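The values are calculated or read from the model by the stated rules, or taken from the named source; none is laboratory data. Since the structure is predicted, the reported quantities are computational estimates derived from the model, not experimental observations. Counting neighbours? That spans all protein chains shown, and the Cβs are built from the backbone with ideal geometry, glycine included.
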Amino acid sequence: MPLRLVFLGRLADVAGAGEREVAAVPSIAALLAGLEPELSAALGAARIRIAVNGNVVADRAMFTLRDGDEVAFLPPVSGG
Amino acid sequence: MADVRLLTGSFDAAVEIERFLAANGEAGGVASFIGRVRPGGGVEALELSHYEPLTLPGMQALAAEVEARWQVTGLLIVHRSGVMLPGEAIVLVAAAAHHRREAIEAVDFAMDHLKGDSWFWKREKRADGWHWIEPRERDFSDLARWDEKSAN
């Protein structure tokens, strides 16, 4: 099963859509390496947080992705 | 006990406050805050987006934190998502307590965390199109106040 990527906030503009499916890969580093350079750089920034299946990832370098995971990229928030 | 809602359509803040007052008839103090889309300044519309798996659970966790921190007898948190026009309500927080300080601080804490630490992304529409709104330095310093208070 492919991975489902979700881009929040301004990242949707960089990605060209709010969501995208990509072939499954085992790590976040491999996932980013497979994307366009501009998008990869935007998603890989330290201030972008990542959630997998609704849980925010504490250590992205150590995280193992599984088939069918939903990976959300979360830029700094601005509510209210 | 807390009433926490994430709405995709407009709501009437006055009606919500009226209901909250009626439901909390025993409370000696009720504080509330309404945030609206600021009229003027060239903003034609505001859009808030959220992420379903995180946003409402995060708001519920915030409500639980408020209830753990202050002796509130009632708590209401309503936050909009979607496109809003100038003058429309974005957020409503109300807290009921036996004493005013508890109610006022509970609302203040909840608002700082809704603005600076909840899963919402905001953009505004001006004459030249949509612009994403980045968090301001003030949002971070407003949040940091509460860390200082708990450290004391």
- [ ] Tell me, yes or no, whether the stretch B:44-54 has at least one residue that is more than 14 Å from chain A (Cβ to nearest Cβ) and closer than 30 Å to A:Phe73 by Cβ.
- [x] yes
- [ ] Test B:Glu52 against the stated conditions and say whether it is at pLDDT 95 or above and within 25 Å of B:Asp3 (Cβ to Cβ).
- [x] yes
- [ ] May I ask you to list the residues in the stretch B:53-97 that are crowded, with 22+ Cβ neighbours inside 10 Å and of a type in the set (D, E, K, R)?
- [x] B:Arg80
- [ ] List the number of the failed condition for B:Thr8; all other conditions in (1) hydroxyl-bearing (Ser, Thr, Tyr); (2) within 14 Å of chain A (Cβ to nearest Cβ); (3) surrounded by fewer than 19 Cβ atoms within 10 Å (Cβ to Cβ) hold.
- [x] (2)
Open item on the list: Looking for something touching a His at 6+ places or on another chain (Cβ under 7 Å), at the interface with chain A (Cβ under 7 Å from one of its Cβ atoms) and within 21 Å of B:Ala31 (Cβ to Cβ) - is there at least one such residue anywhere in the stretch B:113-130?
Closed with: yes
Open item on the list: Take the conditions surrounded by fewer than 13 Cβ atoms within 10 Å (Cβ to Cβ), of a type in the set (A, V, I, L, M), more than 11 Å from every other protein chain (Cβ to nearest Cβ) and part of a helix (DSSP H, G or I) and apply them to B:Ala103. Does it pass?
Closed with: no
Open item on the list: Just checking: which of the helices (runs of 4 or more DSSP H) contained wholly in chain A hold 2 or more residues that are more than 12 Å from chain B (Cβ to nearest Cβ) and free of Cβ contacts under 8 Å to residues at least 60 places away in the same chain?
Closed with: A:28-33, A:37-44
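For the stretch B:8-25, give me the residue count where each residue is more than 14 Å from the chain's Cα centre (by Cα) and outside any helix (DSSP H, G or I).
Count: 6.
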- [ ] Go through the stretch B:131-141 and give me each residue that's away from chain A (no Cβ under 14 Å) and of a type in the set (A, V, I, L, M).
- [x] none
- [ ] Could you tell me whether B:Gly35 is in contact with a strand residue (DSSP E or B) (Cβ under 7 Å, 6 or more places away or on another chain), modelled with pLDDT under 95 and not in a helix (DSSP H, G or I)?
- [x] no
Open item on the list: more than 13 Å from chain A (Cβ to nearest Cβ) and at pLDDT below 95: which single residue out of B:Ala144, B:Ala95, B:Ala68, B:Ala63 fits that description?
Closed with: B:Ala144
